[in-house]
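Participant: Have a look at this one.
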Amino acid sequence: MTPCADLPRSRALLPALALWVALAALCPLVAARPLGHRVAPYLALHVALTVVALALTRLVRSAADVRALFGAAVFTRLVTILTPAFTTTDPARYLWDGAVALTGRDPYALSPLAAELAGLRARFPSPTDHLDVATCYPPLAVALFAFAASAGPSLAMLAWKSLVALASVLTAAPAARHASRVAVVLLLASPTLLLESMVGAHLDAFLALGVAAALALSARHRWNAAALCLGAAIALKYLPVWILPAFVFRAPRRALFAALALAPLALSFAAANALGLTPPGSLPSVAANWNFAAPLWSALYERFPTSDETLRPALALTGALITLGLSVRPGPLARNVRDALLVQLIVSPVAYPWYGMPLAVACAFAPSASALAVLAALPFSYEVIDRYHSVGVWAPARWPLALTTAAFALGLALDGWWAWRRRSR
């Protein structure tokens, strides 16, 4: 391509980056809208950021472009860091669990309503929901929450969001020199990774960082370091254990990789038990009862409403078997990881939008229409928030389930068509 052909693209990059930052800067304004009037502008913002992110994958080409993108990414995090987490109540729960741990109490045994925590409730903001449920987060996550909570009741949320912002920016760092420009753009500009970090302030931002580092390091054949990064992600929220087989089957020393990847979880559990904590807490109850925005589980539960105790393990087992089959395929590891995470979302009874953050990372390394379509559709399940905030009624609509299903089907069709075109050339 000649320099003249590259010139229009270079001229378009700075306006596109400026538009990206300007859209991100609207997040605090959306959060400031009256209760019951936030979801529509938030979803419009999500769609607009999706379009800009896809445009940036075409515009960022040189090392100088990547540096400009990193600068804009830092700025997007700065302009959104004070945005209240109106799409979720999770960050308040994180900090509460951390504060409980700092008092020497056991957050795995004591719910926020426990009488033993009355003194803490008087001086530290308590969660707003699930007050009768003890924590289900792994010990390493609780340690991270405690670190943020140690800033005190007035600064804890800012401390937490600062940590999340740092993780969000660093997610692209391991891939900056060795991955494609498209991967770097999507790791920094994907609306799922940006909004679920800087608006939702979810723990999953650290999972995204761990999975990105594991994929980048494995591509450079640094398998031990990749195993430890994946292990840190597993120790923070269990879910990345789903993609462990994809890495293990590709690693040159499989047993060592598996041992290193599970070591952070084992060590953090051992440390927690030594401190008198009792993980996993409410995790079994959460796994057996939680559900949200999952099309396949919802369809099956509607047909078999009395069989949930068998539906959940059956879905999990089916998904695990499919994932094992996908994990042994030759070809790019990132593709196998992406498809494993996509299967996990499909079979899970819970499909919160932020559960797509590790998928967004894998999709950055191995883009596909089906994964991108699902990531674009998942946030529409936030429609439930407006009514809940305005009248206190939690009544999820059915149309987001249909939208996610249609998006996935369309994405699969596009992936199939592109694969057919590649084979026919």
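Participant: Place +1 on the Cβ of every Lys and Arg and -1 on the Cβ of every Asp and Glu in segment 119-278, take the dipole about the Cα centre, and give the residue among S126, S154, P191 whose Cα lies farthest towards its positive end.
Facilitator: Going by the Cα projections, it comes out as P191.
Participant: Considering amide H positions built from the backbone, and no H for Pro or chain starts, which residues 5 or more places from F292, or on another chain, come under 5 Å of its amide H?
Facilitator: Counting only residues 5 or more places away or on other chains, the set is V350, A351.
Participant: Further, regarding this structure: With only Lys, Arg, Asp and Glu charged, each at its Cβ (+1 for the first two, -1 for the last two), find how big the charge dipole of segment 89-201 is about the Cα centre; round to the nearest 20 debye.
Facilitator: Roughly 420 debye, rounded to the nearest 20.
Participant: Follow-up question, since we're still on this one. Based on Cβ point charges of +1 for Lys and Arg and -1 for Asp and Glu, what charge dipole magnitude is obtained for segment 192-273 about its Cα centre, in debye rounded to the nearest 20?
Facilitator: Here the size comes out at about 400 debye.
Participant: Rank G356, L378, A176 by how far each Cα sits towards the positive end of the charge dipole of the chain (+1 on Lys, Arg Cβ; -1 on Asp, Glu Cβ) and give me just the farthest.
Facilitator: A176
Participant: Sort 196-204, 250-258 by the packing proxy (mean of other Cβ within 10 Å over each peptide's residues), most packed first. Walk me through the intermediate numbers first.
Facilitator: Numbers: 196-204: 26.6, 250-258: 15.6.
By packing density, highest mean first, the sequence is 196-204, 250-258.
Participant: Okay, moving on. Compare the peptides 163-173, 126-136 by average per-residue count of other Cβ atoms within 10 angstrom and give them in order, highest first.
Facilitator: Sorting 163-173, 126-136 by mean packing, highest first, produces 163-173, 126-136.
Participant: Would you mind checking segment 54-88 for residues with the amide N under 11 Å from a putative spin-label position 7 Å along Cα→C-beta of L155?
Facilitator: none
Participant: Can you tell me the length gained on complete extension of the stretch W418 to L321, counting 0.36 nm per residue apart and subtracting the Cα distance?
Facilitator: Stretched fully, the W418-L321 segment lengthens by 32.3 nm.
Participant: When ligands, DNA and RNA are left out and all protein chains stay put, how many square angstrom of accessible area per residue does the chain have with a 1.4 Å probe?
Facilitator: Numbers: 18610 Å² over 425 residues.
For the chain, the solvent-accessible area averages 44 Å² per residue.
Participant: How far, in nm, would the chain grow between L14 and H221 when pulled straight, counting 0.36 nm per residue and subtracting the alpha carbon separation? Write down the numbers at each step before the final one.
Facilitator: On the way: separation 207, 0.36 × 207 = 74.52 nm, distance 3.52 nm.
Stretched fully, the L14-H221 segment lengthens by 71.0 nm.
Participant: Scan (i) 58, 52, 42; (ii) 71, 48, 44; (iii) 66, 46, 46 for the value of Cα extents along the principal axes in Å calculated from this model and give just the label.
Facilitator: Only one option fits the structure, namely (ii).
The values are calculated or read from the model by the stated rules, or taken from the named source; none is laboratory data. Just so it is clear, the model here is predicted, and its values are computed rather than measured. Neighbour counts run over all protein chains shown; Cβ positions are idealised from the backbone, glycine included. Ligands, DNA and RNA are excluded from the accessible area calculation, which covers all protein heavy atoms including side chains. Shrake-Rupley method; radii C 1.70, N 1.55, O 1.52, S 1.80 Å.
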